[in-house]
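This report refers to the structure that appears directly beneath it.
The values are calculated or read from the model by the stated rules, or taken from the named source; none is laboratory data. Since the model is a prediction, treat every value here as computed from it, not as a measurement. With ideal geometry, Cβ positions are generated from the backbone for all residues, glycine too; neighbour counts draw on all protein chains shown.
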Amino acid sequence: MLLGVQSAQAVQPAEDPRPSLALMTSLPIIWGEGDIDDTLAGRRQSAQSYRFLETRYRLTVLDVVDEKALGAHPVLMLAQPRALSPHELAAIDTWVRGGGRVLILADPSLHWPSVYPLGDPRAPLAVTLLDPLLDHWGVRVDLTSIGRHAAPVRMNLREGARDWRLSVVAPGAFVATGKDCHVESQGLIARCQLGKGRAVLIADADLLSDPRWGEEGDGNGPAIGALLDGLLGISRDAALGISGDAGISRDSTPKSLIAGKVRFTAIFPILTFLLLCCLAFFLWNRRRN
């Protein structure tokens with residue numbers, strides 16, 4: 001009997017250390033675009049951004065937003081979601097004000113590369129439909145800002161103690177209309193303190209597409225990961241071994257110089273000991289003579 005209990009305990013899966021994250025999106029990052037033939041031929045695959053999120057977080061993709069779904073997760077990511085009903089918008093507002101945290105990608109002019117023509121219901125939403133929620137929170141997208149960066153551009157943002165870069169396309173610009181939100185990074189980012197909860201808004205969703213995500217070195221992953229981790233209230237530097245230069249470091253000291261200092265500090269006691277031994281031998285030999 002004891003052996004059976006021990007065997008049952010042995011096969012129990014280890015607890016997943018990844019933090020929980022709920023995701024709702026109209027963007028084709030989960031399965032890619034195409035039909036059943038594309039699926040069978042292996043031409044459909046998830047986006048790099050989705051694979052990044054899936055590796056880093058315990059993802060739950062939501063089809064419907066309600067109190068029960070939101071209550072099971074500490075953080076929600078809304079990435080250019082479909083049109084939400086008034087009930088869903090109210091559920092998000094109530095959840096955030098009660099302590100929930102949300103990262104919202106609200107793009108007023110999506111340039112996502114799609115196999116479907118503009119207006120096709122299978123294509124990702126060309127414009128954000130979250131205006132009622134954002135207006136309620138005291139922030140809106142400045143429509144005159146659309147097209148200020150028609151070509152891909154890299155913009156800076158500040159999260160935690162580091163600077164990060166995001167590759168975006170034709171981003172909008174937020175304007176604060178109330179006291180609960182403030183904008184930064186030339187309007188690309190809005191941060192709202194709503195009751196006990198928080199919301200971080202980005203006026204671009206093209207940053208999740210493969211051309212933008214994997215651009216130039218680490219791409220957009222570190223910046224989005226930093227924003228989500230900030231909402232989760234966690235730091236991966238020590239727990240997951242994330243290097244201190246993952247962002248744009250403000251410390252210009254070369255890593256090779258730092259490594260040299262570390263090595264010298266480690267061997268300094270040994271050099272001191274050897275020097276003392278040599279000095280003692282010299283004195284002993286001098287007294288003999």
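When you look at V200, is it surrounded by 15 or more Cβ atoms within 10 Å (Cβ to Cβ), touching a strand residue (DSSP E or B) at 6+ places or on another chain (Cβ under 9 Å) and in contact (Cβ under 8 Å) with a residue 40 or more places away in the chain, yes or no? It is true that V200 is surrounded by 15 or more Cβ atoms within 10 Å (Cβ to Cβ), touching a strand residue (DSSP E or B) at 6+ places or on another chain (Cβ under 9 Å) and in contact (Cβ under 8 Å) with a residue 40 or more places away in the chain.
Comparison of L143, L130 shows that the only residue that is in the same structural domain as A90 (by TED's automatic domain parsing) and crowded, with 17+ Cβ neighbours inside 10 Å is L130. Residues considered: R82, R97, R122, R140. Of these, the only one that is within 23 Å of G230 (Cβ to Cβ), in contact (Cβ under 8 Å) with a residue 12 or more places away in the chain and of a type in the set (D, E, K, R) is R97. Evaluate the range 121-136: report whether one residue or more is closer than 17 Å to Q193 by Cα and touching a helix residue (DSSP H, G or I) at 6+ places or on another chain (Cβ under 8 Å). Yes, that holds for at least one residue.
Selection of the range 151-197 for residues being touching a strand residue (DSSP E or B) at 6+ places or on another chain (Cβ under 6 Å), farther than 22 Å from A126 by Cα and modelled with pLDDT under 95 yields N156, L157, D163, W164, R165, S185. Selection of the range 125-137 for residues being closer than 21 Å to V200 by Cβ and touching a residue at least 12 places away in the same chain (Cβ under 8 Å) yields L125, V127, T128, L129, L130, P132, L133, L134, D135, H136, W137. Any residue at all in the range 163-184 that is in the same structural domain as M77 (by TED's automatic domain parsing), under 21 Å from P81 (Cα atoms) and of a type in the set (S, T, Y)? Within the range 163-184 (the criterion being in the same structural domain as M77 (by TED's automatic domain parsing), under 21 Å from P81 (Cα atoms) and of a type in the set (S, T, Y)), the answer is yes, since at least one residue qualifies. Would a scan of the range 150-167 turn up a residue that is buried (at least 18 other Cβ atoms within 10 Å of the Cβ) and closer than 20 Å to S114 by Cα? Yes: one or more hits.
Within the option set T55, T94, being at pLDDT 95 or above and surrounded by fewer than 19 Cβ atoms within 10 Å (Cβ to Cβ) holds for one residue only, T94. Is it true that some residue in the range 176-191 is part of a strand (DSSP E or B) and over 25 Å from T144 (Cβ atoms)? For the range 176-191, residues part of a strand (DSSP E or B) and over 25 Å from T144 (Cβ atoms): absent.
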